[in-house]
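Below is one structure, written out as structure tokens; the observations come after it.
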Amino acid sequence: MPTYRVLVNGKFDHPDADTRARLVAGLSHHQAIGFTEDGLLTYSAHLGAFTFRVTLRGEEERDVLDEAELKVMELLDAKGYPYRDVAGKATCMDDIKIRRRPGS
């Protein structure tokens with residue numbers, strides 16, 4: 001089964017003052033960059049947009065995209081963070097070719 005790295009982008013949808021305070025308080029935990037099987041949610045202090053990076057396995061790219069988008073929406077819903085404009089892009093890691101320099 002192919003492995004995909006999925007990058008899901010979205011926007012916070014006008015969080016209220018309490019939600020903004022919770023997001024800012026958790027900011028230090030949401031600045032890591034990378035892809036994990038559980039997924040990493042990242043955002044900056046201006047609280048405009050967020051990114052969710054996750055590694056998933058699946059046969060069809062559309063199914064993997066749907067799964068990643070659902071994961072981030074469930075995470076945001078569980079924390080009570082309002083969001084909109086969620087959309088993902090997937091890269092099949094099995095299709096990536098590493099070009100080596102001659103003599104390396």
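The values are calculated or read from the model by the stated rules, or taken from the named source; none is laboratory data. Quick caveat, the model's predicted, so the values are computed rather than measured. Every residue, glycine as well, gets a Cβ built from its backbone with ideal geometry; the counts of neighbours run over all protein chains shown. We work out accessible area using only protein heavy atoms, side chains counted, and drop any ligands, DNA or RNA first. Shrake-Rupley method; radii C 1.70, N 1.55, O 1.52, S 1.80 Å.
Checking Lys79 against (1) in contact (Cβ under 8 Å) with a residue 40 or more places away in the chain; (2) open to solvent by 90 Å² or more (accessible area, probe 1.4 Å); (3) of a type in the set (Lys, Arg), which test does it fail?
Among (1) in contact (Cβ under 8 Å) with a residue 40 or more places away in the chain; (2) open to solvent by 90 Å² or more (accessible area, probe 1.4 Å); (3) of a type in the set (Lys, Arg), Lys79 violates only (2).
Just to be sure before I move on: is Thr19 at pLDDT 95 or above, of a type in the set (Ser, Thr, Tyr) and part of a helix (DSSP H, G or I) in the structure I sent?
Answer is yes for this residue.
In this structure, is Ala68 more than 20 Å from Asp95 (Cα to Cα) and either touching a residue at least 40 places away in the same chain (Cβ under 8 Å) or open to solvent by 50 Å² or more (accessible area, probe 1.4 Å) (or both)? Outline the logic, then answer.
Working: more than 20 Å from Asp95 (Cα to Cα): no; either touching a residue at least 40 places away in the same chain (Cβ under 8 Å) or open to solvent by 50 Å² or more (accessible area, probe 1.4 Å) (or both): yes.
Here the answer is no, as Ala68 does not meet what is asked.
Being among the basic types (Lys, Arg) and open to solvent by less than 60 Å² (accessible area, probe 1.4 Å) is the filter here; which residues of the stretch 41-65 pass it?
Correct list: Arg53 only.
Within the set of pairs 6+ apart or on separate chains, which have a first residue in the stretch 10-35 that is free of Cβ contacts under 8 Å to residues at least 40 places away in the same chain and under 17 Å from Gly48 (Cβ atoms), a second that is aliphatic (A, V, I, L, M) and in a helix (DSSP H, G or I), and C-beta atoms under 9 Å apart?
Listed by first residue and then by second, the contacts come to His30/Leu23.
Of all residues in the stretch 53-98, how many are within 16 Å of Thr36 (Cβ to Cβ), of a type in the set (A, V, I, L, M, F, W, C) and not in a helix (DSSP H, G or I)?
Total satisfying the criteria: 3.
Pick out the one residue from Arg53, Arg84, Arg62, Arg57 that is modelled with pLDDT of 95 or more and under 17 Å from Pro15 (Cβ atoms). First the steps, then the outcome.
Details: Arg53 fails: under 17 Å from Pro15 (Cβ atoms); Arg62 fails: under 17 Å from Pro15 (Cβ atoms); Arg57 fails: under 17 Å from Pro15 (Cβ atoms).
When all the criteria are applied, what remains is Arg84.
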